[in-house]
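Let me begin by presenting the structure, written as C-alpha cells, before commenting on it.
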Amino acid sequence: MSDGSGLAEALLGLDGFRVLAVSETVEVTVVIESVRDLVGCSSCGVRAEAQDRMDVEVRDLACFGRPARLVWRKRRWRCVDADCEARTWTEGSPAASSRQVLTRRAGAEACRQVGMNARPVAGLARELGVCWWTVMDAVIEHGMPLVEDPSRVGPVRQLGVDETSFLAANPEHSTTYATGLVDLEAHIVIDMVEGNKAADLRRCCRGQGTAFLQGITTVATAGGALSGRPLASPRPRHPSGGSVPRREGAPRGAMCSGAGERPAAPACRSRLVKLRAVRPWRCKGGREAALTTTRRAGTARRPGLG
C-alpha cells in the first residue's frame, strides 16, 4: 500500500469488495462493487456472463462520527446455456442480507449496543441514520439466537420473579402483564413470561426441565398473584381426570392421594423471600420495564426508585 492503493478498501473492512468512489455531505457515501469477475452457474456449472448492474443502498457502521451509506453496484448474472433453468440471478454477499437496510456488521453492533450497553434504540437509530424499527429489527434478528441458546442459562440457585404491567389498558384490550425471571447470583435475565398468573410461570418452568427446578433453593418475589405459589404444578392429576385433593390444614403445595395418607412433599421446596415493591421506570412507548425489583444484589439502587 505504499502507493496508496488499497487504503480505501482497508478502511472499508469488507472482504471481497473494492471502493469505486467516496463522497461526503451530511453523511459519507461509499460506492462499492464485488471483486468477483468469474462466476459459474449454480445449476449447470457453465461460466456466467454479467448482464447488467443495479445500485443497492445499505446502511453501514458510522464512519468517523457520521452516518455511512454503502451504494453496492450489484451485478446481475446470466447463464449462457439456453437449456438452463437458472437464466439470471443477482449476486450476494455474507456482508449484507438480501432486502435488509443494515449490513450484517451494523446489525450485530446495534444488537450489542442495545443489549449489552443498554443504549436507547432511538439514539442509535439517529446515529446510523435509520428509523427506530430498523434498529429494533436488527436487535431481534441478532439477539434472538443468543436468547434461545440453551447454554446461556446454567444452573440457577436464587431465582427472582416479578410481575409488572407491560401495556396499559385501552378500549381494545385490557392491561397486559409480564413476568420476569432473573438469576439473582449471575445478575442476568433468564426469561420473560407473558401474563402474571401462576399457571404462566409454571408453563415457563416446565420448559426449563426438572433439573432446573431441583437446583433452585431460593425464590424472591415482590408479592402479587405469584406470591406463595409453587413453581411446579401444585396438584397432580387423578386418573379419573380430577385433581388430587389437598388435605385440609396441610400447607400450600402439599398433596395427598387419599384420606388418611401422609401428605407428599411440597411441589417446590424453595424458600420464599418477599421483597418490597418499588416503582417501575418507564420505557419507550409508555411501556413499563419488567423486573421492577431487580436491583442486582450487591449494587447501588437505581436513582429515583424505592
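Could you give each residue of the stretch 160-176 its phi-based ³J(HN,Hα) in whole Hz, using Karplus coefficients 6.51, -1.76, 1.60 with θ = phi - 60°, and x for Gly or Pro?
x, 10, 8, 9, 8, 6, 8, 9, 5, 5, 9, x, 9, 7, 7, 5, 9
Can you order the peptides 40-46, 19-25 by their average number of other Cβ atoms within 10 Å per residue, highest first?
40-46, 19-25
Around R66, with a cut-off of 15 angstrom between Cβ atoms, what is the net charge of the other residues, counting Lys and Arg +1 and Asp and Glu -1?
Neighbour charge sum, excluding R66 itself: -1.
Based on alpha-carbon centroids, what's the gap between the stretch 148-207 and the stretch 18-74 in Å, whole number please?
Between the Cα centres of the stretch 148-207 and the stretch 18-74 lies a distance of 43 Å.
For the peptides 26-38, 106-118, 163-175, what is the packing order when you average, over each peptide's residues, the other Cβ atoms within 10 Å and list the highest mean first?
106-118, 26-38, 163-175
With +1 assigned to the C-beta of every Lys and Arg and -1 to the C-beta of every Asp and Glu, and no other charges, what is the dipole magnitude of the stretch 1-96 about the Cα centre in debye, to the nearest 20?
Approximately 140 debye in magnitude.
Pick out, in residue order, every one of the chymotrypsin sites (Phe, Trp or Tyr not before Pro) in the stretch 1-110 that is DSSP loop and has at most 12 other C-beta atoms within 10 Å; say none if there are none.
Values: sites: F17, F64, W72, W77, W89; in loops: F64.
Filter output for the stretch 1-110: F64.
Highest first, please rank the peptides 126-135, 188-197 by the mean number of other Cβ atoms sitting within 10 Å of their residues.
Sorting 126-135, 188-197 by mean packing, highest first, produces 126-135, 188-197.
Read-outs throughout are calculated quantities, based only on the coordinates presented, and are distinct from any laboratory measurement. All figures in this text were calculated on a predicted structure; none of them were measured in a lab. Cβ sites come from the backbone with ideal geometry, for glycine too, and all protein chains shown count toward neighbours.
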